[in-house]
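The values are calculated or read from the model by the stated rules, or taken from the named source; none is laboratory data. Remember, predicted model here, so these are calculated numbers, not experimental data. Ideal geometry is used to build each Cβ from the backbone, glycine not excepted, and the neighbour counts take in all protein chains shown.
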Amino acid sequence: MQSLSNRAKKLEAKPMTLAERAYLPAIFQGLSITMRHFFRAATKKQVTVRYPEEKRPFSPIFRGLHVLKRDEVGRERCTACGLCAVACPAEAITMVAGERKKGEENLYREEKYAVSYEVNMLRCIFCGLCEEACPKAAVYLQPDKMAPPRFERDEFIYGKDRLVEPVDPSARSIRGIQLTPEQADALAQRMAQ
């Protein structure tokens, strides 16, 4: 069969010497590269971060811990539409929808709300697709917090008790969909009444 480019080059296989058959040159070449890197690393700046005492700065596009946001009045934004769960490639989000009862207007924005909303942090790949899919801007991945280490697998399934943003405006996330200090004070006064 003729090649398409007509640039084929014929190679002849040379017989290997005894040293090449014993792989000694390749072993010594690999050891020399390893030793070169070993002594070069000793003179360079260390890249290891001593984690609890010092923390590496986060990237500006880092996506961390999930939060279910509240609106200006303090009601949950999530309407349990399920778009975040459908968009999640790892299938880490599960939810159960329910209808708002009479007298719960100050808790939920719409007639439909998430009775339970769970994110399995062991499955989550922190891609941010759930945040992009949410039409109500209810899901937010914090750029300044990571999921803390745990000892039990059950502790990595975050429910609404850990995900929903606090009602108190001053305790809310600094970044993301955020109230101005004036809006936070006005909201705190309205909630106190």
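Remarks
- A single entry from GLU20, GLU76 fulfils the requirement of being of a type in the set (D, E, K, R) and farther than 26 Å from ASP144 by Cα: GLU20.
- In region 95-108 there is at least one residue that is at pLDDT below 90, within 30 Å of ASP185 (Cβ to Cβ) and of a type in the set (Phe, Trp, Tyr).
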